[in-house]
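All remarks here apply to the structure that follows.
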Amino acid sequence: MEEASKPRASASEQHSDLGLSLARSSAVGGADGLHAWAQEKSAELGAKNYTAGDPGPYALMGLSAFWMGDFAAVDEVLAIAADLAGDGPWPDDVAARVVLQRSLAGVVSSLRGLTDHAELQFAEALGPEGGTEVTAARVIAFSMRAALASEGKPERALEDVAHARRLAREIDIPELSAITAIGEGWAFSELGNLEDAASILLIASSELSGDLERSVAQLRLAEVQLRMGNRAAARATVDAARETFVNAEARYWAARAVLLTGAIDRDRGGRWLKLARDLSLPDLAYERLFLPEGTLRIDLTAQTPVRRDGESVAFLTRHAETAVRLLAASGQSGLSSKELSEIFWPGISAERQSARLRTLLWQARNSLGADAWRVQRKRDIVVFDATGVELVGTITTAEIVDEFQSRKLPPR
């Protein structure tokens, strides 16, 4: 198979490079080679004003743009490819490309949260039938939908996995369906079978040959490990994935890995959030990464002030709950470390206050879970980032302090 950086293949062979790259990672695994090839081909096509003929190069450029996280570029080059391919009927090599192009467009729509559009694109992608080339493309389409576009549909994802593996056996290219392990593992996790999910994703993250595909498997594995409570394993796994994504300039996937790192490394959540925002491009897919997991509601005047999706958030200590309430009430200005320390531990040494404050902030972040990043320490000021939080009730910080101190419960 030709290297992605030196394409001299026929139209049929170019389809093979595009299709097999998604499973064998000839192109995808070598992210630098694919990116360099796409840039070179883009310049060549632009210089020649090339607007007719084989859509294959545009499909490869779309694949490169996808992994680089430039989804607007994906839209553009796949639109060109679709115009070149026309409405059909197509010979097998063109039909196979159409399947892959529509599948890639479906994944991008799914990442943007455009579920209905994604479903339509995958339905159209899986429509064409034909010989080995088309069947191979359908294997990849089923695999892509299972791995990258089936959140909330675990049963359908498992059906796609079964279809992909059956078709791959029929054409005697079983490795084409390797990426299905990502979809299979995540489907099991959504069904609550975390042990099997972790086992499948662990195997996938060690056996997938492509750097980027392997890192997607690692990202999913880290998410499952975190749900299992294995924070150390999740951190080690996501660190490996994040390094690959950053080095490959895969911005979207790097941003996802950075945000997951922040969910694990709660004490530095604000720093990871800033890095994720720095990596982001102006696209709906990136905007969705920063949506809160469940609606966080803080009623400043309630006895149980913090709820997520209607369920009370259980705090490790009453001090931690009060601290979150105080910080939420103080707004963007926050409170100084000295102010917080004097509220909770008046009359003790500054050194002991500092140690206890560190513990208190850890308790608050730990209790908030995925929203831990909201408690941020900026030098001597501690603030609560209330972006996207439903904040209700009117009360002053002084009234919260009086209420806390009047309860006269021993500190926990």
Exercise. Among the numbered criteria (1) at pLDDT 90 or above; (2) touching an Asp or Glu at 6+ places or on another chain (Cβ under 8 Å), which single criterion is violated by Phe344?
Worked result: (2)
Problem set entry | Long-range neighbours under 6 Å by Cβ, at least six apart or interchain, first residue within 16 Å of Gly269 (Cα to Cα) within the range 229-245, second among the polar types (S, T, N, Q) and surrounded by 15 or more Cβ atoms within 10 Å (Cβ to Cβ) | Ala234/Gln225; Val238/Thr261
Exercise. Is it true that Thr322 is out of contact with any Asp or Glu (no Cβ under 6 Å at 6 or more places or on another chain), of a type in the set (Val, Ile, Thr) and in a loop (DSSP other than H, G, I, E, B)?
Worked result: no
Problem set entry | Criterion (closer than 21 Å to Leu202 by Cα, among the aliphatic types (A, V, I, L, M) and in contact with a helix residue (DSSP H, G or I) (Cβ under 8 Å, 6 or more places away or on another chain)) met by exactly one of Ala285, Ala234 | Ala234
Exercise. Filtering the range 177-233 down to residues that are within 18 Å of Thr261 (Cα to Cα) and polar (S, T, N, Q), which residue is surrounded by the fewest Cβ atoms within 10 Å (Cβ to Cβ)?
Worked result: Asn230
Problem set entry | Test: residue in the range 94-108 that is modelled with pLDDT of 85 or more, under 22 Å from the mean Cα position of the chain (by Cα) and of a type in the set (Ser, Thr, Tyr) | yes
For this session: Evaluate the range 390-412: report whether one residue or more is surrounded by 13 or more Cβ atoms within 10 Å (Cβ to Cβ), within 30 Å of the chain's Cα centre (by Cα) and under 24 Å from Arg266 (Cα atoms).
Result: yes
For this session: Evaluate the following for Phe290: is it within 30 Å of Gly113 (Cα to Cα) and either in the same structural domain as Ile381 (by TED's automatic domain parsing) or not β-branched (Val, Ile, Thr) (or both)?
Result: yes
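Considering only residues that are of a type in the set (A, V, I, L, M) and out of contact with any strand residue (DSSP E or B) (no Cβ under 8 Å at 6 or more places or on another chain), look in the range 287-322 and name the one that is surrounded by the most Cβ atoms within 10 Å (Cβ to Cβ).
Ala320
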Problem set entry | Boolean, Thr295 is modelled with pLDDT under 90, over 17 Å from Trp373 (Cα atoms) and out of contact with any Phe, Trp or Tyr (no Cβ under 7 Å at 6 or more places or on another chain) | no
Exercise. Within the range 270-283, is there a residue that is at negative phi, surrounded by 17 or more Cβ atoms within 10 Å (Cβ to Cβ), touching a Leu at 6+ places or on another chain (Cβ under 6 Å) and not acidic (Asp, Glu)?
Worked result: yes
For this session: Give, as residue ranges, the strands (runs of 3 or more DSSP E) completely inside the range 331-392 that count at least 3 residues that are farther than 24 Å from Arg407 by Cα.
Result: 375-378, 381-384
For this session: Could you tell me which residue of the range 161-183 is modelled with the lowest pLDDT, considering only residues that are over 17 Å from the mean Cα position of the chain (by Cα) and within 14 Å of Ala149 (Cβ to Cβ)?
Result: Thr180
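Where in the range 79-154 are there helices (runs of 4 or more DSSP H), lying fully within it, with 3 or more residues that are under 22 Å from Ala187 (Cβ atoms) and out of contact with any Gly (no Cβ under 9 Å at 6 or more places or on another chain)?
92-111
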Exercise. Any idea which of (1) aliphatic (A, V, I, L, M); (2) surrounded by 14 or more Cβ atoms within 10 Å (Cβ to Cβ); (3) over 31 Å from the mean Cα position of the chain (by Cα) is the one Ala328 doesn't satisfy?
Worked result: (3)
Exercise. What is the number of the single condition among (1) surrounded by fewer than 21 Cβ atoms within 10 Å (Cβ to Cβ); (2) not assigned by TED's automatic domain parsing to the domain that holds Leu226 that Leu340 does not meet?
Worked result: (1)
Exercise. Counting only residues that are touching a His at 6+ places or on another chain (Cβ under 8 Å) and surrounded by fewer than 22 Cβ atoms within 10 Å (Cβ to Cβ), how many does the range 94-135 have?
Worked result: 1
For this session: Identify all residues within the range 260-292 that are aliphatic (A, V, I, L, M), at pLDDT 90 or above and either in a loop (DSSP other than H, G, I, E, B) or touching a Lys or Arg at 6+ places or on another chain (Cβ under 7 Å) (or both); write none if there are none.
Result: Leu279, Leu281, Leu284, Ala285
For this session: Specify which of the listed residues (Glu339, Glu287) is free of Cβ contacts under 8 Å to residues at least 24 places away in the same chain and under 30 Å from Ala248 (Cβ atoms).
Result: Glu287
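The values are calculated or read from the model by the stated rules, or taken from the named source; none is laboratory data. From a predicted model like this one, the values you see are computed outputs, not experimental measurements. FYI the Cβ positions are ideal-geometry reconstructions off the backbone, even for glycines, and counts take in every protein chain you see.
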